[in-house]
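The block underneath contains the structure these notes are about, expressed in structure tokens.
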Amino acid sequence: MSRTAAEEIFRTLAVETVEERRYNPGLEAGRADVIVGGVVAVVGVMRHFGFDEMLVSESDILDGLARTAV
């Protein structure tokens with residue numbers, strides 16, 4: 001994901017209400033109330049370290065935990 005894309009996602013989500021965010025494709029409804037804070041962190045890290053892009057995983061920590069438990 002490019003920093004430009006991350007910043008655009010932030011601008012889009014930041015102006016939506018939590019209820020509006022619940023209907024965004026690809027966003028789990030249960031994360032609608034915390035996603036803006038997460039995007040702020042991502043954009044902040046990218047700006048601070050001068051990253052123009054980052055690799056985004058489609059897996060999460062539960063996938064990693066399941067793999068190590070086997």
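The values are calculated or read from the model by the stated rules, or taken from the named source; none is laboratory data. Nothing here was measured: the structure is a model prediction, and the numbers come from that model. Heads up, the Cβs are rebuilt from the backbone with ideal geometry, glycines too, and the neighbour counts pull from every protein chain shown.
Here are the numbers:
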{"quantity": "Long-range neighbours under 7 Å by Cβ, at least six apart or interchain, first residue modelled with pLDDT of 90 or more within region 22-34, second surrounded by fewer than 11 Cβ atoms within 10 Å (Cβ to Cβ) and part of a loop (DSSP other than H, G, I, E, B)", "calculated": "none"}
{"quantity": "Contacts under 7 angstrom Cβ, first residue in region 49-70 being more than 20 Å from Gly26 (Cβ to Cβ), partner at pLDDT 80 or above, 6 or more apart", "calculated": "Phe51/Arg3; Asp52/Ser2; Asp52/Arg3"}
{"quantity": "Residues of region 34-70 that turn out to be loosely packed, with under 12 Cβ neighbours inside 10 Å and part of a loop (DSSP other than H, G, I, E, B), as a count", "calculated": "10"}
{"quantity": "Residues located in region 1-11, provided they are exposed (fewer than 14 other Cβ atoms within 10 Å of the Cβ) and at pLDDT 95 or above", "calculated": "Ser2, Thr4, Ala5, Glu8, Arg11"}
{"quantity": "Members of region 43-70 that are closer than 21 Å to Thr4 by Cβ and modelled with pLDDT under 95", "calculated": "Met54, Leu55, Val56, Ser57, Glu58"}
{"quantity": "Top-ranked residue of region 1-33 - restricted to ones that are closer than 20 Å to Glu58 by Cα, of a type in the set (A, V, I, L, M) and not in a loop (DSSP other than H, G, I, E, B), ranked as farthest from the chain's Cα centre (by Cα)", "calculated": "Ala29"}
